[in-house]
1. Starting from the coordinates of the alpha-carbon atoms of the chain, obtain the Kirkwood hydrodynamic radius over all distinct pairs and give the value in Å to one decimal.
2. In the chain, with Lys and Arg counted as +1 and Asp and Glu as -1 at Cβ, which of these residues, M224, S329, F113, has the Cα nearest the positive end of the dipole, that is, farthest along it?
3. How high is the relative contact order of the chain, in percent, counting Cα pairs under 8 Å that sit 6 or more residues apart?
4. May I ask which residue of A32, I314, G147 lies farthest towards the positive end of the charge dipole of the chain, with charges of +1 (Lys, Arg) and -1 (Asp, Glu) on Cβ and the Cα centre as origin?
5. Roughly how many debye, to the nearest 20, is the charge dipole of the chain about its Cα centre, given +1 on each Lys and Arg Cβ, -1 on each Asp and Glu Cβ, and no other charges?
6. Output the 0 to 90 degree angle, nearest 10, between the alpha-carbon long axis of helix 59-71 and the longest principal axis computed from the alpha carbons of the chain.
7. Let me make sure I get this right: for the stretch 41-123, a, b and c are the square roots of the gyration tensor eigenvalues over alpha carbons, sorted descending. Under 1.5 in a/c it's rounded, otherwise prolate if a/b > b/c, else oblate. Which is it?
8. Find the relative contact order for the stretch 188-247 and round it to a whole percent, using C-alpha pairs within less than 8 Å whose residues are 6+ positions apart.
Amino acid sequence: MSDPAVVHLVTTVERADPAELAEAGRRAFRAAGLSGFVRGLTAVKSHFGEEGGEGFLPPPVLRAVVDEVKAAGGTPFLTDTTTLYTGKRSHAVDYAALVQAHGFTFEAVGATFVVADGLVGANETEVRIDGVHHKTVALAADALRAGSAVIVSHVTGHLACGFGATVKNLGMGLASRRGKLRQHSTLRPHVDPDACTACEQCLPTCPTGAIAPAKARRGASPAMAIDSGKCSGCGECLASCRDDAIRFDWKAESRRLQESMAEHALGYCRRMAGRIGFLTFVTHVTKDCDCMGKRQKPLCGDLGVLAGTDPVAIDQAALDLLHERTGRSLESLSYPRLDGSFQLAHGERIGLGTRTYKLVKAPG
Ligand code: SF4
Ligand code: SF4
C-alpha cells in the first residue's frame, strides 16, 4: 500500500456565503502550503459556469486564490478551456464574455481570464504518458506554458461519470478539443424509438448534426435516430431529452470515459510536477455539474474546502466526507446507475495519486 497523502480540510458553515467560502479557501491554501508551488505565470484553473447556471464558485473565491498567488510572488491568470458542446463556452470569444458576465472581472478578481486552448480549442500540446488507453494526451498548450498552477475545483454529481471534482477539472478541463473528443470517443448514445415522442428538443443541441428523424413509422411521428458516424460523443443530447429516450451503455462507457479522463489528468500533473497544487470545494454539491446552464438545489449542506498536492486523494476525501454527511454515496444521490470511483481507481493504477490519505483538519 502506498504512503497516505496529506489532505487538508477547512470546514465551513452549512450554507456558506461567498465571503465565507473565500476565507475558507484562503485558509486551506495556506494550510496546505500551496504558496511553495507558485512560480511566475500561474494558471488558476477553475470552471466559470455556463449561461443560466449559478452553482459555480463565486468570484470572491478566485480573488482569494489570486491574492495568495500574488503574495507568493506569482503572476496569476484565470483559465479554462473551450467546450465540445454548443453554448457560451464553445469558443474563446463567447467564453471570455461569459466570464465577465458572471462577475470575474479584473476589478473583482484581480487577474485576467485567458482561454488555455486558444480561440477554437486547437492550441494544444501532445504529452506522452504511455497510459492504458492513450500513448499521448492532447492538452491545452497555454496551461502547460504556465510556470505553475492552482487547480480550483467544485465537487458535483455528473451525468456521465457520476462524480466530478479535481480529476475531472484537470483531465477534461485542461484537454484541448482533440483531447476531449478522445475521452468521449466511446460514448455513443442511441434513441429508443418507443420512448421518443418526436418533440425535436434534442435537434438543436447536437453540434454535429448527428440527430435526425428516422424513417416514419406506421401511425406515428418519426422517432429520432443518431448517426454514429457523425456523433462525436459529446453527450449534450442526453440532458436535452425529457422523455429519457436517449440512452447509452452507462456502466461500460462511463468507466472508459473516467479512465481516459484520469490519463489526461496524469499528462498535466506529470508535466507540472512540483509546480501544482489543488483546492477543492465540497460546497453547493449538486446533482449535475456546472456545465449545466440551470439553477440547481444542493444535495446537502456545505462541508468545507480540501487542499493538497494529490488530486486522487482529495477526490477520495471529498467522496468520503459526503458519504459521512449524507449516509449515501454521491452517485446514489445523483446518478445511481453510475460508479464515479473508476476515475480514482484508474488514477491510482497509473500513478496520478493515491486513494489512501490522512485528513488534517485546520484549527478553527
Ligand atoms: S428530445 Fe427525446 S423525445 Fe424529443 S425528439 Fe429527441 S429523443 Fe425524441
Ligand atoms: S448525438 Fe452525439 S454529437 Fe450529437 S449531441 Fe448527442 S452525443 Fe453529441
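Every number here is computed from the coordinates shown, using simple stated rules; none is lab data. What you see is a predicted model, and the numbers here were worked out from it, not measured in a lab. Because the Cβ atoms are built from the backbone with ideal geometry, glycine has one as well, and the counts that use them run over all protein chains shown.
1. When all Cα pairs of the chain are included, the Kirkwood radius is 20.5 Å.
2. M224
3. Averaging sequence separation for qualifying contacts and normalising by length gives 26 percent for the chain.
4. Positive-most Cα among the choices belongs to G147.
5. Working: 42 positive and 39 negative charges, 110 e Å.
Roughly 540 debye, rounded to the nearest 20.
6. Once rounded, the angle reads 40 degrees.
7. Values: a/c = 2.37, a/b = 1.44, b/c = 1.65.
Because a/c hits 1.5 or more and a/b fails to exceed b/c, the stretch 41-123 counts as oblate.
8. Values: 95 pairs, mean separation 28.2, N = 60.
This gives 47 percent for the stretch 188-247.
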